[in-house]
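The values are calculated or read from the model by the stated rules, or taken from the named source; none is laboratory data. Please read all numbers here as calculations on a predicted model, not as lab measurements. Using ideal geometry, Cβ is built from the backbone for each residue, glycine included, and neighbour counts are taken over all protein chains shown.
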Amino acid sequence: MPNRNSDIFMNNQPPTVNSLPPPEPRPPAAASRLTLMNLARVMRPRQWAKNIVVLAAFFFALGDKQQQLSPLMFGWALLAAALFCITSSAVYIFNDIIDRQRDAAHPVKRLRPIASGAIPVATAWTVALILLGIGLGGAWSVASEFALTIIAYVVLQIAYTLWLKHAALVDVFVIAFGFVLRAIAGGFAVNVTISPWLLICTFLMALFLALCKRRHEKRLMEETQLFNIRPSLNASAERLLDQLIAIMAGAVIIAYAIYTQWPDTVAKFQTTHLSFTIPFVIFGMFRYLDLVYRHDKGDQPEYILLTDIPLIVDILFFGVCVWWIVIAV
């Protein structure tokens, strides 16, 4: 039987819409897999790495001679981190719904499932509400204080999405407070008291990472001339962001150094040897600055922390050193 499309080309006639064969329908299994992949992407599992901060209270309290934390409480710490991951995914979906039109004009964010139209808005709302219900409902099974903290986090993120993200500098402070709430929630989950210096270090580190991300976005705006990507950055200069990053980098190192020698810290761990971990913190800050300024990275700190080998090795050595000093010895 002659091929209809071959005849068309033999007659030097371009194929028309009617002359082309109809596209084959996508197999149901393939369509289902595609939908599940988009649902997984919209939850942003890569950003769950941020919730490792929830575990900080457990690990630093494990060697605390005053609190006598049982290692069996690690299960509750893991549950708390998992609930924060679920809840934060609901917040991310809400943010993507609100910002879908602006994201559609972004060179990278336009590929997100909601901005690209791969997931309908109604479906996104449904998934967000289900995740929020699971996260908040499970939080009450951990501790009422933990549940109230995670509710405060959700309220803060809603305010950030609707209003606060549009205010220059205020937005990075909100991001930093979100990390502090994670650390506080982790303490409530395992019923331990967190050192104020640890909260200060968490706040300063989060500010540092947020400013590095804003610097990358500022450069992207200037290169692409898409000034509506992050309107709050229109009121910020790259030079100002560079100065703030330098200030925060030094503040993190100084704050952590003070924490290691603070009288309460020495009394809790019964050692002054935590100061031996300071070089790992300094190297980590230097390496991240190198990635931001020499490699033009910093837009995805959670991705950097999971993929940069020198930084991963540094964090592992830091963790082993802390474990050896406060627990093993």
Only one of Leu305, Leu316, Leu241 is touching a Leu at 6+ places or on another chain (Cβ under 7 Å), outside the structural domain of Gln68 (by TED's automatic domain parsing) and without any contact (Cβ under 8 Å) to a residue 40 or more places away in the chain; which?
Leu241
Say whether the condition of being surrounded by fewer than 14 Cβ atoms within 10 Å (Cβ to Cβ) and not in a helix (DSSP H, G or I) is met by at least one residue in region 277-289.
no
Criterion: surrounded by 20 or more Cβ atoms within 10 Å (Cβ to Cβ) and assigned to a helix (DSSP H, G or I) - qualifying residue of Ala82, Ala40, Ala77:
Ala77
With respect to Ile97, determine if the residue is outside the structural domain of Lys213 (by TED's automatic domain parsing), in contact with a helix residue (DSSP H, G or I) (Cβ under 9 Å, 6 or more places away or on another chain), surrounded by 20 or more Cβ atoms within 10 Å (Cβ to Cβ) and part of a helix (DSSP H, G or I).
no
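Which residues, taken from region 43-74, are part of a loop (DSSP other than H, G, I, E, B) and either closer than 16 Å to Leu306 by Cβ or of a type in the set (D, E, K, R) (or both)?
The answer is Arg44, Asp64, Lys65.
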If I ask for residues that are of a type in the set (A, V, I, L, M), assigned to a helix (DSSP H, G or I) and modelled with pLDDT under 90, which ones from region 232-265 would you list?
Leu233, Ala235
Which residues, counting only those in region 290-314, are closer than 21 Å to Val53 by Cβ and either among the small types (Gly, Ala, Ser) or surrounded by fewer than 15 Cβ atoms within 10 Å (Cβ to Cβ) (or both)?
Gly298, Tyr303, Leu306, Thr307, Ile312, Val313
Any idea how many residues of region 142-169 are surrounded by fewer than 20 Cβ atoms within 10 Å (Cβ to Cβ) and either without any contact (Cβ under 8 Å) to a residue 60 or more places away in the chain or outside any helix (DSSP H, G or I) (or both)?
14
Can you tell me how many residues in region 300-329 are under 24 Å from Val108 (Cβ atoms), acidic (Asp, Glu) and assigned to a helix (DSSP H, G or I)?
1
Across region 213-229, which residue is surrounded by the fewest Cβ atoms within 10 Å (Cβ to Cβ) among those that are without any contact (Cβ under 8 Å) to a residue 60 or more places away in the chain and more than 20 Å from Glu302 (Cα to Cα)?
Gln225
Residue count, region 110-141 (criterion: in contact (Cβ under 8 Å) with a residue 60 or more places away in the chain and under 20 Å from the mean Cα position of the chain (by Cα))
6
Against the condition more than 24 Å from the chain's Cα centre (by Cα), within 30 Å of Gln68 (Cα to Cα) and part of a helix (DSSP H, G or I), how does Thr271 come out, does it pass?
no
